[in-house]
1. Which length gain, in nm to one decimal place, applies between LEU101 and ASP75 when the Cα-Cα distance is subtracted from 0.36 nm times their residue separation?
2. Which of the peptides 67-73, 102-108 is most tightly packed, and how do the rest follow, going by the mean number of other Cβ atoms within 10 Å of each residue?
3. Tell me, what HN-Hα J-couplings in whole Hz come from the Karplus equation 6.51 cos²θ - 1.76 cosθ + 1.60 at θ = phi - 60° for each residue of region 52-69, using x for Gly and Pro?
4. If each residue of separation counts as 0.36 nm, what is the full-extension length gain between LEU23 and TYR50 once their alpha-carbon separation is subtracted?
5. Given the Cα-Cα distance of ARG59 and ILE82 and 0.36 nm per residue of separation, how much length would full extension add, in nm?
6. When MET80, MET1 are ordered from fewest to most other Cβ atoms inside 10 Å of their Cβ, what list results?
7. Can you compute the modelled spin-label distance between ASP16 and ARG111, with each label point 7 Å from Cα toward Cβ, in nm?
Amino acid sequence: MTVDGVETAVIATTYDVPIDFTLDFADLAEAFGGSNATGADQAAGFAISYGGSGEFSQRGWVDLDRREVLRSTSDGTFEMTIGMKGAPEGAEGFPLDGVTLDGSFGVQMERL
């Protein structure tokens with residue numbers, strides 16, 4: 001395949017990414033200033049969990065002689081659930097049972 005008259009090799013890959021992690025806000029406060037950080041006392045016991053998965057594909061057009069990527073594309077879909085536990089005062093408006101995000105994206109880059 002050629003890109004702007006240059007013969008290229010096309011490299012394609014697909015991959016699935018599991019999403020399963022929790023952010024403990026007390027740990028974050030500790031990492032960014034210790035127990036004296038502003039709001040650290042309110043963060044105790046508060047965490048946000050993320051779960052789900054993503055399916056992605058990438059393709060690159062490579063000029064093997066010059067060892068340069070001339071074009072690349074990436075696209076995919078994801079499904080993710082975000083949940084909270086131990087919310088501090090004032091967070092009552094956030095749905096504690098979780099929010100679901102489903103989406104897709106696409107990106108194309110080309111060397112100028």
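1. Full-extension gain reported as 7.7 nm.
2. Peptide ranking by packing, descending: 67-73, 102-108.
3. x, 7, x, 10, 10, 9, 9, 9, x, 9, 10, 7, 5, 5, 9, 6, 10, 7
4. Taking 0.36 nm per residue and subtracting the Cα distance, the gain is 8.9 nm.
5. Stretched out fully, the ARG59 to ILE82 stretch lengthens by 5.3 nm.
6. So the residues, fewest neighbours to most, are MET1, MET80.
7. 3.5 nm
Each reported figure results from applying straightforward, stated rules to the coordinates on display, with no laboratory input. Computed from a prediction, not measured in an experiment: that's the story for all the values here. Neighbour counts run over all protein chains shown; Cβ positions are idealised from the backbone, glycine included.
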